[in-house]
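The values are calculated or read from the model by the stated rules, or taken from the named source; none is laboratory data. As the structure is a prediction and not an experimental result, all values here were calculated from the model. In this analysis, Cβ positions are derived from the backbone assuming ideal geometry, glycine residues included, and neighbour counts consider all displayed protein chains. In case anyone asks, the SASA skips ligands and DNA or RNA and just uses the protein heavy atoms, side chains included. Shrake-Rupley method; radii C 1.70, N 1.55, O 1.52, S 1.80 Å.
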Amino acid sequence: KTQHATVFALAKLAESRDTETGKHLERIRGYGKEIAEELAGYDGLKDSITEDFIDVLFNASAMHDIGKVGIPDRILLKPGKLTPEEFDIMKRHTEIGGDTLAAVEEETGGSPLIAMGRDIAYYHHERWDGSGYPRGLKGDHIPLAARIINLADCYDALVSKRCYKEPFSHEKAKEIILGSEGTQFDPDVIKAFLKREERFRAIHFELQDSDPTTWIQKVVESLDSNQT
């Protein structure tokens, strides 16, 4: 529990540079768990999605954007559309995060949590049709965890307020996601999302953004409770 709390705290430090993201990491964990639990019943995935996979995914998903610590504020917090040159710099967050976690994995001798976090950080912007970044991976060549968090991250960005946009409704976000089936998103992940969409609504409502400093108190309380 202490290891998971520490990883989450470090991910929150990276996320705290953007004051609008609030409880984004908490929501991503919830969305990802819902999709994984649904996919666990699908033929061809039953052996891959075990209880351990779901538990590791829940904790590793928080590291998906940890590489944004290396992106300049003028780009990360820009209120308008990025230029092509700026977008090329923004895309580097996947490799910054993935390379960092790969180095941690090598230093520690390997860990399922860090290994999955590395894959998510590297590949959560890959697309099912191979047009994503940073490697242009296609279909099943994209790690399953990254395919799950791709949709979870996209949904949360759509239904949340950002410096460059107002929040979309659930229905509008759903329409946009369905329009990218087979191009951006794995069709099976789309099916799982549709089965769990009411849980997505509930998670978004339950974990609405609040004071971005409250996570510190939660981490301290978690560590204190583990020692009593």
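Below are the figures for this structure:
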item	result
Net charge over other residues, Cβ less than 14 angstrom from the Cβ of Met116 (K, R count +1; D, E count -1)	0
Lys191 - accessible surface, heavy atoms, 1.4 Å probe, Å² rounded to 10	110 Å²
Local net charge near Asp99, Cβ-Cβ under 15 Å (Lys/Arg +1, Asp/Glu -1)	-1
Probe 1.4 Å - accessible area at Phe168, Å² to nearest ten	80 Å²
With all protein chains modelled, accessible area of Tyr133 [1.4 Å, Å²]	40 Å²
Span-rule helices in the chain, defined as complete DSSP H runs reaching 18 Å or more along the axis (Cα) with Kyte mean at least -1.0	2-15, 24-39, 92-108, 144-159, 214-226
Cβ-defined net charge surrounding Tyr164, 9 Å radius [Lys, Arg +1; Asp, Glu -1]	+4
For the range 66-193: rounded, prolate or oblate by the Cα gyration tensor [a/c cutoff 1.5]	oblate
The range 1-152, relative contact order in percent, only Cα pairs under 8 angstrom and at least six apart counted	21 percent
Interchain or long-range residues, amide H under 5 Å from Ser111's placed H	none
Candidate residues Leu45, Leu10: accessible-area rank, largest first, probe 1.4 Å	Leu10, Leu45
Among (i) -0.25, -0.91, -1.19; (ii) -0.21, -0.90, -1.40; (iii) -0.32, -1.14, -1.42, the entry that matches log10 I(q)/I(0) by the Debye sum over Cα atoms at q = 0.07, 0.14, 0.17 Å⁻¹ as calculated here	(ii)
Prolate/oblate/rounded call for the range 65-123, Cα gyration tensor, a/c under 1.5 rounded	prolate
Of every Cα-Cα pair in the range 1-132, the percent that sits beyond 27 Å	22 percent
Heavy-atom accessible area per residue - the chain, 1.4 Å, Å²	50 Å²
Exposure ranking of Phe87, Phe200, Phe205 by accessible area [1.4 Å probe, largest first]	Phe205, Phe87, Phe200
Debye log10 I(q)/I(0) at q = 0.13, 0.24, 0.25, 0.32 Å⁻¹ for the range 141-187, Cα point scatterers	-0.31, -0.87, -0.91, -1.16
Accessible surface of the range 81-182, 1.4 Å probe, proportion on carbon and sulfur as whole %	53 percent
Which of Met63, Met90 is most accessible, then next, and so on - probe 1.4 Å	Met90, Met63
